[in-house]
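Asker: Sharing a structure below in structure tokens format, with a few things to ask.
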Amino acid sequence: MKKTLIIVGIIVLVLVLFYSFFKGTYNTMVTNGEQVDSQWAQVQNVYQRRADLIPNLVNTVKGFAQQEKDVFIGVTEARAKATSVNIDAANLTPDKMAQFQQAQEGLSSALGRLMVVVEKYPEIKSNQNFLELQSQLEGTENRITVERQKFNDVTKVYNTYVKSFPNNMLAGMFGFTAKPYFEAVKGSEVAPKVEF
């Protein structure tokens, strides 16, 4: 009788330890995954802020440079494309992330062309509305950088946890997979040439 109680006690203890391990691991994966999803939502929020500022900036510049229609159309099209590429945080894949980044890079490039137009028309740079919008856009670009870095930080924590042994075996059982990072645009490691 005493041996049976000891064996039952050991079995119960082992079951409790396994339950605690599985529960703790699963809950940590869920928590880390939610942090990635939450941070992704914040990244999308600041990109949306940028997209919302662009029409005002374009309209302000249009008032001074009517003849630059191609640039305005390009910015408008790039904004439409960038805002049409939406990725659900639950479906972050490297391909979808690359598509999102490509659309955002297209918008950044179009904004660069708009700023070249601004350089051609010095009177734009003295307009208070333009100065305010430009300041807000610069602040938004800084926010984008910060939020992308935070996204990569929480993604690193999540990916490290999901890929670590023995968590990687449980992650596969529960359907947790590694999430992609934001990566630098190809060629960004080369400093641009500034010529006067």
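Asker: What is the one condition in (1) β-branched (Val, Ile, Thr); (2) within 30 Å of residue 81 (Cβ to Cβ); (3) over 29 Å from the mean Cα position of the chain (by Cα) that residue 60 does not satisfy?
Answerer: (3)
Asker: Being closer than 25 Å to residue 39 by Cα and outside any helix (DSSP H, G or I) is true for just one of 142, 86. Which residue is that?
Answerer: Exactly one of 142, 86 is closer than 25 Å to residue 39 by Cα and outside any helix (DSSP H, G or I), namely 86.
Asker: When the residues of segment 120-141 are filtered to those that are at pLDDT 85 or above and either β-branched (Val, Ile, Thr) or under 13 Å from residue 45 (Cα atoms) (or both), which remaining residue is surrounded by the fewest Cβ atoms within 10 Å (Cβ to Cβ)?
Answerer: 141
Asker: Restricting attention to segment 119-142, which residues are of a type in the set (A, V, I, L, M, F, W, C) and farther than 15 Å from residue 55 by Cα?
Answerer: Result: 124, single match.
Asker: Kindly establish whether residue 79 is in contact with a Pro (Cβ under 8 Å, 6 or more places away or on another chain), modelled with pLDDT of 85 or more and crowded, with 17+ Cβ neighbours inside 10 Å.
Answerer: Here the answer is yes, as residue 79 does meet what is asked.
The values are calculated or read from the model by the stated rules, or taken from the named source; none is laboratory data. As the structure is a prediction and not an experimental result, all values here were calculated from the model. Note that we place each Cβ from the backbone using ideal geometry, even for glycine, and neighbour counts take in every protein chain shown.
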